[in-house]
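What follows is a single structure, written as structure tokens, with notes after it.
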Amino acid sequence: MKPSKPVRTSAKPLPPEGKSPAPGLRARKQQQTRDRLKRAAMALFLDRGFEATTIDDIAAKADMSRRSFFHYFASKEDVVAAWQEDAASALVAEILARPADESMLTAAENAIAAAVKRIDPTEAAAMSRLKRDNPALRARDQLKYEKLEQALAEGLAQRSGRKSDRLKARLVAMISIGAMRVGGESWMGEGAREKPEAFVKRTFDAIRAILE
């Protein structure tokens, strides 16, 4: 009886320990590059102004080519929009982290206050002036508030887990984001002297006074 031949498999040998690529490595690198472009653009916008900053300026500050810029953004306005989208993601994360025993309005207030604490007041004020003085950015700003309202409503509904609360979640989100928009304009009008989280509390105190 002939000895059986070893069975060949098509499986590739495992790479040496420590040499296998981490899952999502490419995605993380792309996000890091995108973030670098955003930081470079925002620094230039705040220093020189939106109109005076070119795409070449942004690419050079981020130490990459103009062509690379267009791999991530279609325009300068898109960079500002991406900065605003990050705010919506942060708000949802804060909402989902709130204790279950908080009412929707209190959860919305505390989530917004926690989110704005991460914002540099000087940078926030400069960004507000930047958007106020540029028609294209003002239009994007309107879209930002719509996205924030939608994100807050979805976060509140997810936190509740009850279909019957979806309408309430939308109403609380509409009131909260609308109030924050008005409060933000007041904050700027008063010279942005108050801490952002302080004006959040003052704004929600006003909401409760109206609802009572």
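Nearest 10 degrees, 0 to 90: what angle lies between the long axis of helix 76-96 and the longest principal axis of the chain (Cα atoms)?
For 76-96 against the chain, the angle is about 90 degrees.
For the chain, which longest stretch is free of loop sites, where a loop site is one of the trypsin sites (Lys or Arg not before Pro) that DSSP puts outside H, G, I, E and B and that has at most 12 other Cβ atoms within 10 Å?
Segment 20-117 is the longest.
Using +1 at the Cβ of each Lys and Arg and -1 at the Cβ of each Asp and Glu in the range 77-211, identify which of W187, A198, L96 lies farthest towards the dipole's positive end.
The residue sitting most towards the positive pole is L96.
Describe numerically, in nm with one decimal, the distance between label points set 7 Å from Cα along Cα→Cβ at V182 and at A87.
The answer from the label model is 1.8 nm.
In nm, to one decimal, how far is the R34 label point from the E123 one, both placed 7 Å along Cα→Cβ?
1.8
What does the helix-only formula give at 222 nm for the chain: each DSSP H stretch with n ≥ 4 adding -39500 (n - 2.57), the total divided by the residues, and the result rounded to the nearest 500 deg cm²/dmol?
Using -39500 (n - 2.57) per qualifying helix, the result is -24000 deg cm²/dmol.
How tilted is helix 25-48 with respect to the longest principal axis of the chain? Cα atoms for both, answer in degrees (0 to 90, nearest 10).
30
What angle, in degrees between 0 and 90 and rounded to the nearest 10, separates the Cα long axis of helix 135-160 from the longest principal axis of the Cα atoms of the chain?
Once rounded, one gets 80 degrees.
Which listed residue (V79, S176, L211) has the Cα farthest towards the positive end of the charge dipole for the range 77-211, taking +1 on Lys and Arg C-beta and -1 on Asp and Glu C-beta about the Cα centre?
Looking along the dipole axis, the top candidate is L211.
Assigning unit charges at the beta carbon (Lys, Arg +1; Asp, Glu -1) and nothing else, what dipole magnitude in debye, to the nearest 20, does the range 77-211 show about its Cα centre?
That gives a dipole near 340 debye.
I need the shape label for the chain. Rule: rounded when a/c is under 1.5, else prolate if a/b > b/c, else oblate, with a, b, c from the alpha carbon gyration tensor.
Here the chain falls in the oblate category.
Read the figures in this text as sums done on the coordinates, not as results from a lab. No experiment lies behind these values; they were computed from the predicted model shown. Note: ideal-geometry Cβ built from the backbone for every residue, glycine included; neighbour counts use all protein chains shown.
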